[in-house]
Structure formats: C-alpha cells, structure tokens
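To start, the structure itself, in structure tokens.
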Amino acid sequence: MGKTGEAGTVVEPLTEEKVRAAKEQIYGDGIVGFKGAFSREWVQRLGEDVDVAFREARARPGGAVGRGPQRYYVEIHPEQLRGFADLAGHPWITAVAEAVLGPEYEIVEVGFDVPLPGAEYQPWHRDFPMPEETRAERRLTSLAINITTVDTTDEMGPFEIAPGTQWDDNDEFEHGMFPPKEHYDRYRERAVRKYPQMGDISIRSALTIHRGTKNRSQLSRPVLVFGLDAPGAGNAERHDLAVTKDYWETLPQSIRDHLHCPIVDELVPINQKHTIEGLVMGDAES
C-alpha cells in the first residue's frame, strides 16, 4: 500500500506489473480487490454522506428503488459526496480503469446499495445484458467500483460472486440478466463471499454473476457504487448524473475529462431509471 494523503487516498500509483495483474484478474475472475485504498476516517465521512442521501431519497417518491426485500438502491449526484474528487481521482482506480476501458473512460454512475436488516437472498444476476463487444470480441466495456462503508461480517449478508461468469452467454437468461434456476448449482459451486473492511475497494465487471445474501444482523450494510464506461458503452443512458457550475469549477481537469454529464445551475434529485424488476421479490432459494 502506498502513502496516504490528508484526504485518506493512496497517492503512490500502482506499478505496471500490478496494473497488468489487476486487468488479468478482472478478465479472469471478473473482480479484483484492493486493501486499504482509503483511510477509515475517509470512509466514515462517506458513510455519513450516504446516510444523509438515503434518508432524503426514501422520503420522496422514486428516490430509492427496491432491489429485493429490505434492499434499496439510490443514485446520487457527485457533489453529494464530500470525497467524490478523492474517489474519481484515486490513482489505483484510474490506473485500472485506463488499463481495462482505455484512457478516455467515462464516469457514468454514482450511487449506493443498502441491504437493511432482514434483506433476503437476491436471485443470481448480472447488472445489465451482455453488450455485443463482450460477446463478439471478449472485450469488457464497463467497470463497477464498490466501497463498503462498514466492516463486513457474515451476518450482514455479504456480496457473493461467481468468478469467471462475466463471459456466460446464454439465450435462456431472462432479460439477458437472470440465469434460469436450473443453473444455480453451478453458481453456488463457484460462489465466493466477499468481506471487505472499511477502506477496501473492489473493481469488477458488472456482468459477472453475483447476488446479495441474507442480512441476519441488526445492521445495514451500505456499499457505494461507482460506475465507469468505455467510450460508447452506453450505460450513461441508464443514469442522470449532473453537477452544478460552482462544483464543476472545483474539480481538477483530470476528473472533468472523464465526467461527461450536464452542468446545471441547480441540481434536481434523481429518480432512478435503472430499475431491475427481477430483483424486487428476492429469491426464496438460498
């Protein structure tokens, strides 16, 4: 791990060898993790901002969408996070993004998932249908960065992922996202549960088959979602990011270059467009 700055971000870049290894792991397993990318103090501030945004979103129609029983997703604008610039400019994230998506990658999503106490198993799924570039060229065109705001335990319903399944291509997938239940044994056999701690990050393909598991604790498990696209991937159409003029002027050019969203006088709360109907009911099978 590199040295940390005042904001808690790592300022020492990854070596070329580590970037190459991370790209290979994303193409192989579909996910790579980094320990201690942020300080615990930075994550505590992130958690405070997420809590505020979650309360606000649940108080208005369309602000928080269900992703299963007692499980919600909220999309937010960048400036709702005090640490957005630290996140978007993190040298480990930018290095891996450039290696996988190219130097002109785009920031398309800032949001968070919140599995509350009582959240049930989700069906196995990917976050959107496989794009043609992946199917025909074996090329990944998007990445999801996840940051937990709490220390994850088994009782909290950890994220579960089936390594290598980002390449699964089957016309039996409902909506291109949900494998049939007769395939579940394969995913259970491959499944790896992730137990990130405050400050850790993961970078993954959203095509890798995954699910949230049952939260048997009395605590929520919020996770930030930071979505990136290769040029032309099209996932920005599912989201509504915007920044105010004043906030835009505070961002370094290195972040502006990747943030292709409207610059507005006043922010409008986001009504989530990326509803995944197949997750709403959860999954009775574990």
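Quick look at the numbers
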{"read-out": "Restricting the range 44-83 to residues that are among the basic types (Lys, Arg) and over 22 Å from ASN215 (Cβ atoms), the residue that is farthest from the chain's Cα centre (by Cα)", "value": "ARG60"}
{"read-out": "So ALA99, is it farther than 30 Å from GLU41 by Cα, out of contact with any Pro (no Cβ under 9 Å at 6 or more places or on another chain) and aliphatic (A, V, I, L, M)", "value": "no"}
{"read-out": "Filter result (part of a loop (DSSP other than H, G, I, E, B), at pLDDT 95 or above and surrounded by fewer than 21 Cβ atoms within 10 Å (Cβ to Cβ)) within the range 224-236", "value": "PRO231"}
{"read-out": "Candidate set from the range 125-159 (those that are of a type in the set (A, V, I, L, M, F, W, C) and over 16 Å from the mean Cα position of the chain (by Cα)); member that is surrounded by the most Cβ atoms within 10 Å (Cβ to Cβ)", "value": "MET156"}
{"read-out": "Count - residues of the range 170-223 that are outside any loop (DSSP other than H, G, I, E, B) and under 21 Å from GLY234 (Cα atoms)", "value": "4"}
{"read-out": "Residue check, ARG211 modelled with pLDDT of 95 or more and in contact with a Phe, Trp or Tyr (Cβ under 9 Å, 6 or more places away or on another chain)", "value": "yes"}
{"read-out": "Residue in the range 263-271 that is buried (at least 20 other Cβ atoms within 10 Å of the Cβ) and at pLDDT below 95 present", "value": "yes"}
{"read-out": "Test: residue in the range 181-199 that is under 14 Å from the mean Cα position of the chain (by Cα) and without any contact (Cβ under 8 Å) to a residue 60 or more places away in the chain", "value": "no"}
{"read-out": "Qualifying position, being without any contact (Cβ under 8 Å) to a residue 60 or more places away in the chain and surrounded by fewer than 22 Cβ atoms within 10 Å (Cβ to Cβ), among PHE173, PHE178", "value": "PHE173"}
{"read-out": "Close pairs (7 angstrom Cβ cut-off, 6 or more residues apart or separate chains): under 24 Å from GLY111 (Cβ atoms) and in a loop (DSSP other than H, G, I, E, B) in the range 134-155, modelled with pLDDT of 95 or more and of a type in the set (D, E, K, R) anywhere", "value": "THR141/GLU133; THR141/ASP229; VAL150/ARG221; THR152/ARG221"}
{"read-out": "Output for the range 237-254, where each listed residue is buried (at least 16 other Cβ atoms within 10 Å of the Cβ) and more than 14 Å from HIS77 (Cβ to Cβ)", "value": "ARG238"}
{"read-out": "Matching residues in the range 194-216 - criterion: being surrounded by fewer than 18 Cβ atoms within 10 Å (Cβ to Cβ) and either closer than 20 Å to PRO69 by Cα or among the β-branched types (Val, Ile, Thr) (or both)", "value": "ARG216"}
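The values are calculated or read from the model by the stated rules, or taken from the named source; none is laboratory data. Model, not experiment: these values are computed from the prediction. Using ideal geometry, Cβ is built from the backbone for each residue, glycine included, and neighbour counts are taken over all protein chains shown.
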